[in-house]
1. Can you tell me which residues in region 243-270 are closer than 19 Å to Asp323 by Cβ and not in a loop (DSSP other than H, G, I, E, B)?
2. So, in region 230-246, how many residues would count as being under 12 Å from Ala213 (Cα atoms) and small (Gly, Ala, Ser)?
3. Given region 172-231, what helices (runs of 4 or more DSSP H) lie entirely inside it while holding 2 or more residues that are of a type in the set (A, V, I, L, M, F, W, C), closer than 28 Å to Ser248 by Cβ and touching a Ser or Thr at 6+ places or on another chain (Cβ under 8 Å)?
4. Is there a residue being under 18 Å from the mean Cα position of the chain (by Cα) and under 19 Å from Phe5 (Cα atoms) anywhere in region 179-191?
5. Residues of region 108-142 being touching a helix residue (DSSP H, G or I) at 6+ places or on another chain (Cβ under 9 Å) and among the hydroxyl-bearing types (Ser, Thr, Tyr), which ones?
6. In region 21-64, which residues are of a type in the set (A, V, I, L, M, F, W, C), within 17 Å of the chain's Cα centre (by Cα) and either surrounded by fewer than 24 Cβ atoms within 10 Å (Cβ to Cβ) or farther than 20 Å from Glu274 by Cβ (or both)?
7. What number goes with the only condition from (1) surrounded by fewer than 24 Cβ atoms within 10 Å (Cβ to Cβ); (2) polar (S, T, N, Q); (3) at pLDDT 95 or above; (4) within 18 Å of the chain's Cα centre (by Cα) that Asn293 does not pass?
8. Hey, can you tell me all the residues within region 271-298 that are assigned to a helix (DSSP H, G or I) and either on the phi > 0 side of the Ramachandran plot or of a type in the set (Asp, Glu) (or both)?
Amino acid sequence: MSQIFDVVALGELLIDFTQNGISEQGNPLLEANPGGAPCNVLAMLQKLGKSTAFVGKVGNDMFGRQLREVVGKAGIDLTNLVMDPAAHTTLAFVQTFANGDRDFSFYRDPGADMLLTAGEVPEDVIAQSRIFHFGTLSMTHSGVREATKKAVTCAKDTGVLVSFDPNLRPPLWASLEDARAQISWGLSQCDVLKIADNELEFMTGQTDFDKGAAILLEQHPDIHILNVTAGADGSYSYHDGKRVFVPSVKLGGTVETTGAGDTFCACVLNFVLEHGTDDLTEDDLTNMLRFANAAAYIVTTRKGAIRSMPERDKVESLLGYFDA
């Protein structure tokens, strides 16, 4: 019998190249940071003492081997990470702006993560997990989309909670209509949703978070917890008719925001593992968001994601910020 994991995630594992200074010749120096949203989520869950496993594909090249080493050291099970000798590891080049926001350029046509097949999905591992997590970078192309949908179906059929983060990256889609259709499918499958403010507007046409959340919950009533992240403003949680807002931590020192949303998502999943998804009070939701916001803030003060996830005590030491 395979090991039972708290969270299994499927999707992209890649290198985020971020600028780290200027050379003597005036050229930008790029740092190769291990990343990819699903593994970012798992790395934070490992820091919180949970057991995790990743399903995906990288190239059997220098970057793929770097990723395998780093992710393995984070404690994430990599039994189902495929090393493809014929494909290159996907690369993302991240341009960071003064306010910490980012713009992405991807080298992924194809990238190894796109080439995961349905036959490489470990249904036994997913069926025995407590939560299955996915996004939409594994739904941009037909082959990996089939693999993703097979994994989600397996989770649903075996009573595993499903977590979804759209993580919309417009340059990776053939059309935004295709992106909208696949996000809509993900929304129809999930129990726990983390959606960013721009993604909420993309799917509902609403800039008012309450109205946008109401539309999604009406369309997808099986969503138990719907969380909206609003960047530097804070985050919102909607559950069983309740609505809670918690402001972000604003202590300065932001370097970049890569991995902040994934850190937030991981903390929410950690809360779900410890408290479930039913009959949560407003205090429960507030405590969930406070911890997630604090952890996300810490990550914005560091470069990269997987290697930047904070320990639980570091997050808890910030919680007093909300009472100040």
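The values are calculated or read from the model by the stated rules, or taken from the named source; none is laboratory data. Because the structure is predicted, anything quoted here is derived from the model rather than measured. So basically every Cβ, Gly included, is an ideal-geometry build from the backbone, and we count neighbours across all protein chains shown.
1. Of everything in region 243-270, those that are closer than 19 Å to Asp323 by Cβ and not in a loop (DSSP other than H, G, I, E, B) turn out to be Val244, Phe245, Val246, Pro247, Cys267.
2. 2
3. Correct list: 176-189, 209-219.
4. Among the residues of region 179-191, at least one is under 18 Å from the mean Cα position of the chain (by Cα) and under 19 Å from Phe5 (Cα atoms), which makes the answer yes.
5. Those that are touching a helix residue (DSSP H, G or I) at 6+ places or on another chain (Cβ under 9 Å) and among the hydroxyl-bearing types (Ser, Thr, Tyr): Thr117, Ser129, Thr136, Ser138, Thr140.
6. If the condition is that a residue be of a type in the set (A, V, I, L, M, F, W, C), within 17 Å of the chain's Cα centre (by Cα) and either surrounded by fewer than 24 Cβ atoms within 10 Å (Cβ to Cβ) or farther than 20 Å from Glu274 by Cβ (or both), then Ala37, Cys39, Leu48, Phe54, Val55 are the ones that fit.
7. Only one criterion is unmet by Asn293, namely (1).
8. Glu274, Glu282, Asp283, Asp284
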